[in-house]
Amino acid sequence: MTALHPTRRQLLAGAAACVGGLAFPARAAPSAAPFSWEILKAEAARLAARPYVAPPPPPAGASAISYDVANSIAYRPEATIWPDSATPVRFFPLNRYAHRPVQIALVENGRARPFPFRRDLYSGAEHLPADVAGFSGFRLMNPGGRGDWLAFAGASYFRSAGPLHQYGLSARGLAIDTGLGRPEEFPDFTHFWIERGPGDAVTAYALLDSPSAAGAWRFVNRAGPKEMVQEVSLVMTLRRDIERLGIAPLTSMFWYGEGNREQGIDWRPEIHDSDGLAMLTGAGERIWRPLDNPPHAITNSFADKDPKGFGLFQRDRNFDHYQDDGVFYEKRPSLWVEPQGAWGAGAVTLFELPTRGETDDNIVAFWTPSTPAKAGNHYALDYRLRWIGDEPASSTVARTVDCWRGVAGSPGTPPIPDATRLVADFEGAALAGLDRSSGVEPVVSLSRATPISSVAYPVVGTRNRWRLIVDVPHKSGETNDLRAYLRRGDAALTETLLYQFL
């Protein structure tokens, strides 16, 4: 179903191998063993020092568990872990799209006790083939077990429903060689340890293993009324050189929106999980880059040092713009990455693939360190993931709220040949009280040539909203990168809009 999400890629294969002193007994009664973050990091370092061992083939019966069959298999409510807590826990069985078993243990008072798979944990277990015996992941439930808000399943993927209670984009532990024109590597979380606390949080620890890297991840997960927050720590070592290392990777879908209406063959006006990449640079510049469904795979890198944040956003919250009363694209969460500490020099990397449908995840964004990723490199990083429905923080500049593209030239006159018009609307308190006589001017630059024309003015009948119109020289097949914002004197009034013409 998809190019970039494991539950749709059908990329998972094999069963998780036992790992050193943290291995679980296969048939013996589970016994508790000492566990801590320090113990897990030490085990991950030992694992990274050994050659990678590929897991055995997946159970053949997992391929029979289609989407419809999986929906007929339900975790029994009475088997819920911590049912009376703020965040009960349930476990996913294997299926066609996530068929690599993961080992799961529950942690209490510094000791981890394996939680073994049992068929009687599920109603509809008769639909599980005899050789299918294992968990593919877990989910954190809302109080009382009424739906879930966070799920880990498949490779190192996970996602949250966010404050609007609608799943959309995903995150993952690590990206390796994404967008290089060859199959990328998908590391696996092979083991999970789940612990209550601190407070109402649930902490999940994970061991990651792949041919190129091994490491330990810790997620402190909290659900709030306005956002779902994960405090993430990772410690890993590379087994071999990696051409493109992706830290804090995000995966989403963009089919078409207001800026590429020609691709909208469906009756719905827009279809996307995310509509833009937002960035807050180390220097404090706010940047917005609308997503695209390009004619071919394309990678863009935005150089920075010590970034303050980046993420894939669904800014458009207007139901009328989607008209989808089944999957509610206007409720899809945005995901903001906040590095904790100095990450140094590198780039926010955006990889976009062409797609012809909404089941294809075709967008990936992540941080790429500038230092080459060589075998033996050790990484210890912390960051915060915020699954939100609005902006991550207040801003002194106006934000980009709409972006359209069409023929260049004045309405009612012949279009300008070999040119494209870009129309972008900015909205925010920074534009309050300003009119055509206030000295507001557009600042526009292009990677090729110069703009044919550019103008900015307040939109009649709206509040704190200005429109930028730029006619750009552009021939089909040529790439032209635009950078634009509005200013008054020396002060920027808006975030910086980046737009790529292909």
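Results, tabulated for the structure shown:
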read-out	value
Residue selected from segment 446-500 under the condition of a type in the set (S, T, N, Q) and in contact (Cβ under 8 Å) with a residue 60 or more places away in the chain, by the criterion surrounded by the most Cβ atoms within 10 Å (Cβ to Cβ)	Thr494
Hey, Thr396 touching a helix residue (DSSP H, G or I) at 6+ places or on another chain (Cβ under 8 Å) and in a loop (DSSP other than H, G, I, E, B) or not	yes
Every residue from segment 437-463 that is small (Gly, Ala, Ser) and in a strand (DSSP E or B)	Ser445, Ser453, Ser454, Ala456
Where a residue in segment 118-144 is surrounded by 17 or more Cβ atoms within 10 Å (Cβ to Cβ) and its partner, wherever it lies, is of a type in the set (S, T, N, Q) and in a strand (DSSP E or B), with Cβ under 9 Å and at least six apart	Gly134/Gln103; Phe135/Gln103; Leu140/Ser160; Leu140/Asn221
Single match in Glu231, Glu258 (criterion: touching a strand residue (DSSP E or B) at 6+ places or on another chain (Cβ under 6 Å) and farther than 30 Å from Gly134 by Cβ)	Glu258
Index of the failed condition, Pro442 passing every other in (1) exposed (fewer than 12 other Cβ atoms within 10 Å of the Cβ); (2) closer than 26 Å to Leu277 by Cβ; (3) out of contact with any Pro (no Cβ under 8 Å at 6 or more places or on another chain)	(1)
Yes/no for Ala432 being surrounded by 12 or more Cβ atoms within 10 Å (Cβ to Cβ) and within 21 Å of Arg315 (Cβ to Cβ)	no
Pair list, Cβ under 9 Å, 6 or more apart: segment 382-395 residue on the phi > 0 side of the Ramachandran plot, other residue crowded, with 18+ Cβ neighbours inside 10 Å	none
Count of residues meeting criterion [of a type in the set (Asp, Glu) and farther than 22 Å from Gln340 by Cβ] in segment 206-257	3
Some residue of segment 359-366 being surrounded by fewer than 20 Cβ atoms within 10 Å (Cβ to Cβ) and in contact (Cβ under 8 Å) with a residue 24 or more places away in the chain	yes
Residue ID - nearest to Gly134 (Cα to Cα), chosen from residues in segment 90-108 that are surrounded by 22 or more Cβ atoms within 10 Å (Cβ to Cβ) and of a type in the set (Val, Ile, Thr)	Val102
Number of the exception - Gly181 against (1) of a type outside the set (S, T, N, Q); (2) within 23 Å of the chain's Cα centre (by Cα); (3) in a strand (DSSP E or B)	(3)
Residue under evaluation Ser252, criteria (1) under 30 Å from Val102 (Cα atoms); (2) buried (at least 20 other Cβ atoms within 10 Å of the Cβ); (3) more than 17 Å from the chain's Cα centre (by Cα), criterion not met	(3)
Pairs with Cβ under 9 Å, 6+ apart, first in segment 295-308 and assigned by TED's automatic domain parsing to the domain that holds Trp367 and touching a residue at least 40 places away in the same chain (Cβ under 8 Å), second basic (Lys, Arg) and assigned to a loop (DSSP other than H, G, I, E, B)	Thr299/Arg244
Some residue of segment 151-171 being surrounded by fewer than 22 Cβ atoms within 10 Å (Cβ to Cβ), touching a Pro at 6+ places or on another chain (Cβ under 6 Å) and modelled with pLDDT under 95	no
Answer from Leu434, Leu381 - the residue that is in a strand (DSSP E or B) and over 26 Å from Asn480 (Cβ atoms)	Leu381
Meets criteria (out of contact with any strand residue (DSSP E or B) (no Cβ under 6 Å at 6 or more places or on another chain), more than 14 Å from Gly168 (Cα to Cα), outside the structural domain of Leu486 (by TED's automatic domain parsing) and aromatic (Phe, Trp, Tyr)) for Trp288	no
Criterion (of a type in the set (A, V, I, L, M, F, W, C), assigned to a loop (DSSP other than H, G, I, E, B) and farther than 14 Å from Phe254 by Cα) met by exactly one of Val348, Val327	Val327
Residue in segment 283-303 that is over 14 Å from the mean Cα position of the chain (by Cα), closer than 30 Å to Lys41 by Cβ and surrounded by 19 or more Cβ atoms within 10 Å (Cβ to Cβ) present	no
Filtered residues of segment 249-268 (kept if assigned to a loop (DSSP other than H, G, I, E, B) and acidic (Asp, Glu))	Glu258, Asp266
Helices (runs of 4 or more DSSP H) within segment 1-86 that include 3 or more residues modelled with pLDDT of 75 or more	37-48, 67-71
Extreme residue, nearest to Met236 (Cα to Cα), among residues of segment 40-85 that are buried (at least 16 other Cβ atoms within 10 Å of the Cβ), aliphatic (A, V, I, L, M) and in contact with a Lys or Arg (Cβ under 9 Å, 6 or more places away or on another chain)	Ala48
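Yes/no per residue for (1) among the polar types (S, T, N, Q); (2) out of contact with any strand residue (DSSP E or B) (no Cβ under 6 Å at 6 or more places or on another chain); (3) within 25 Å of Ser31 (Cβ to Cβ):
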| position | (1), (2), (3) |
| --- | --- |
| Ala74 | no, no, no |
| Phe91 | no, no, yes |
| Phe115 | no, no, yes |
| Ser123 | yes, no, no |
| Phe138 | no, no, yes |
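The values are calculated or read from the model by the stated rules, or taken from the named source; none is laboratory data. All values derive from a computational prediction rather than experimental measurement. When we count neighbours, we look across all protein chains shown, and the Cβ atoms used for this are built from the backbone with ideal geometry, even at glycine.
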